[in-house]
Each structure stands twice: as structure tokens, then as C-alpha cells.
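Chemist: The following block contains the structure, expressed as C-alpha cells.
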Amino acid sequence: MKVIAALILGIAAIVSASFISDGLTDLRTGDRYVTVKGVAEREVTADLALWPIRFVGTGDTLSAAQEKANSSRSAIMAFLKLQAIGDGAVELQRLDVTDTRANPYQDDNSKQKFIISQTLMVRSDDIEKIQQAAQAVSELVDSGVVLSSDYGPSGPTYLFNGLNEIKPEMIAEATASARESASQFAKDANTGLGDLRRANQGVFQILARDQAPGISEQQQPAKTVRVVSTVQYYLR
């Protein structure tokens, strides 16, 4: 019985040692991997322009302020028509009326004045047409229209909505770039590249093509879409 028990213990020890050895081998293999990044960039053009044109009409009476505001609105619509921008692309979005005498901090002896602020939103997918119109906006000022930028940017905002259409190709480009970097690393390390261990697609960024101080991405029709994917590969 003692001999049999010793034999069983010996076999168990051999099997346990084998399992431990295999586990250490797998651990060392699992620790051998490389992390690389793949970059894909693409230049795109905005496909939608939003241009809020804000203007102000003032007067000593409400009717006088309304008359000035209506005159300014008519001048803006005429200007847009000359720029080949139809009425269907323009809508009134905001209308504010201010009575300066209603301001509790206003001097009681000051003259009453009404201020009417309006916003006309121009929405168009003709980017070039909006650009040309925005560059000629000084003509409105010359005609007596008082423009305002109290509620945001004074110029057009250019948006790109086609991101989902280019995502698959850009992800493929970034992944291929990462694999190329990993293959070069494995070659330099005198080893082989194994299977994929982990992948992170990364976040898509829409950046201004010309990145200059004080200029935001939304101010430029030309943009750069960028994605950086992080990938890990096992090394053989």
C-alpha cells in the first residue's frame, strides 16, 4: 500500500509540474505583444452652411423701431436674392423687442427707446454661394443695416455631415497603418508578428484644414477628418 501511495503521489507531482510549466509558458507568450497606433486622415468639404444674420432696428417709438427693422429685413432679403439665395433658404428664427425704459438700472431722465433685434437663418448646401455672400456682407452695412453678433458667431458655420460614409474606409486605413508599424517592429526585434490581441478604433475628429490661431473648425469649409486607432499584436 505504501508503494502504491508513493507511486500515486509521484505521478501527481509530475502532472502538477507539467501544468505549472505549461502555465508559465503561456504567461510568457501572453506577455509578448506590441502596442501600435495607426493614423488615417482625409480632407473633406463641408456639406451644409448655417448663416445667422442678426440685425437691429431702433426708434423712439415702437412703430419707428418696427419700420427700421422691416426696412433692414427687406434690404437683407434683396441682398440674398442678388447672391442667388432664394427665400426658401431663409427663415426668421429670433425676434426680441426691448424697451430701454423698462430697464431698472436706466436713468429715469433718459429718453425712451425701443430696440428690435431679429435673426434670419440662412441654410444652404451650396457652400461656395454662402462663402461669396458672406464676403460681400459689407454691402448691407453700407446700405444702413445694423448687424449684430450678440448671440453667437457673426459669420457662417460650415458643417460636415458625411462622416458615417467615410468611417469604414478610414478605419481600414488606420488598421492597415497600425499593422504595418507592428510588422516593422517585429522585424526590427527579430521576431514574428502573431494574432491580434486587442484593438481600439479611436475617436474621429473633424479639424480645420488650416489650423491657425483664432480660427475654429466650423469657420472653415475645408476640413480634415482624422482617426487614430490603437492596436495590440502578439509577438511570436
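Chemist: Pull up region 64-73, narrow it to residues that are in contact (Cβ under 8 Å) with a residue 12 or more places away in the chain and not small (Gly, Ala, Ser), then point me to the one that is surrounded by the most Cβ atoms within 10 Å (Cβ to Cβ).
Modeler: By that ranking, first place goes to LYS68.
Chemist: Related question: Filter the strands (runs of 3 or more DSSP E) completely within region 135-236 down to those with at least 2 residues that are hydrophobic (A, V, I, L, M, F, W, C) and within 30 Å of LEU82 (Cα to Cα).
Modeler: Of the strands (runs of 3 or more DSSP E) lying wholly inside region 135-236, those with at least 2 residues that are hydrophobic (A, V, I, L, M, F, W, C) and within 30 Å of LEU82 (Cα to Cα) span 146-148.
Chemist: Any residue at all in region 184-203 that's among the hydroxyl-bearing types (Ser, Thr, Tyr), modelled with pLDDT under 95, more than 22 Å from ALA172 (Cα to Cα) and touching a Pro at 6+ places or on another chain (Cβ under 9 Å)?
Modeler: no
This table checks each residue for (1) loosely packed, with under 14 Cβ neighbours inside 10 Å; (2) in contact with a Ser or Thr (Cβ under 6 Å, 6 or more places away or on another chain); (3) modelled with pLDDT under 95.
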{"residue": "THR45", "(1), (2), (3)": "no, no, no"}
{"residue": "ALA49", "(1), (2), (3)": "no, yes, no"}
{"residue": "THR58", "(1), (2), (3)": "no, no, yes"}
{"residue": "LEU62", "(1), (2), (3)": "yes, no, yes"}
{"residue": "ILE76", "(1), (2), (3)": "no, no, no"}
{"residue": "PHE79", "(1), (2), (3)": "no, no, no"}
{"residue": "GLY88", "(1), (2), (3)": "yes, no, yes"}
{"residue": "GLU91", "(1), (2), (3)": "yes, no, yes"}
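Chemist: Residues of region 203-236 being surrounded by 15 or more Cβ atoms within 10 Å (Cβ to Cβ), over 14 Å from the mean Cα position of the chain (by Cα) and not aliphatic (A, V, I, L, M), which ones?
Modeler: SER229, THR230, GLN232, TYR233, TYR234
Chemist: Name the single residue, out of those in region 123-139 being closer than 23 Å to ARG94 by Cβ and under 21 Å from the mean Cα position of the chain (by Cα), that is most open to solvent (accessible area, probe 1.4 Å).
Modeler: So, considering only residues that are closer than 23 Å to ARG94 by Cβ and under 21 Å from the mean Cα position of the chain (by Cα), the one most open to solvent (accessible area, probe 1.4 Å) is ARG123.
Chemist: On to the next question. For region 31-39, check the following and say yes or no: at least one residue is under 30 Å from ASN190 (Cα atoms), at pLDDT below 90 and in contact with a Ser or Thr (Cβ under 9 Å, 6 or more places away or on another chain).
Modeler: yes
Chemist: Next question. Of the residues THR157, THR119, which single one is more than 20 Å from SER74 (Cα to Cα) and among the hydroxyl-bearing types (Ser, Thr, Tyr)?
Modeler: Going through THR157, THR119 in turn, just one is more than 20 Å from SER74 (Cα to Cα) and among the hydroxyl-bearing types (Ser, Thr, Tyr): THR157.
Chemist: Quickly run through region 50-97 and pick out the residues that are among the charged types (D, E, K, R) and either touching a strand residue (DSSP E or B) at 6+ places or on another chain (Cβ under 6 Å) or within 24 Å of ILE127 (Cβ to Cβ) (or both).
Modeler: Once the filter is applied, which keeps residues that are among the charged types (D, E, K, R) and either touching a strand residue (DSSP E or B) at 6+ places or on another chain (Cβ under 6 Å) or within 24 Å of ILE127 (Cβ to Cβ) (or both), region 50-97 yields ARG54, LYS68, LYS81, ASP87, GLU91, ARG94, ASP96.
Chemist: Right, ASN161: open to solvent by 80 Å² or more (accessible area, probe 1.4 Å), modelled with pLDDT of 90 or more and closer than 30 Å to LEU95 by Cβ or not? Reasoning before the result, please.
Modeler: On the way: open to solvent by 80 Å² or more (accessible area, probe 1.4 Å): yes; modelled with pLDDT of 90 or more: yes; closer than 30 Å to LEU95 by Cβ: yes.
When the stated conditions are applied, ASN161 passes them.
The values are calculated or read from the model by the stated rules, or taken from the named source; none is laboratory data. Note that this is a predicted model, so its numbers are computed, not measured. Reconstructed Cβ throughout: ideal geometry from the backbone, glycine too, with neighbour counts over all protein chains shown. Side chains are part of the model used for accessible areas, which takes the heavy atoms of the whole protein and leaves out ligands, DNA and RNA. Shrake-Rupley method; radii C 1.70, N 1.55, O 1.52, S 1.80 Å.
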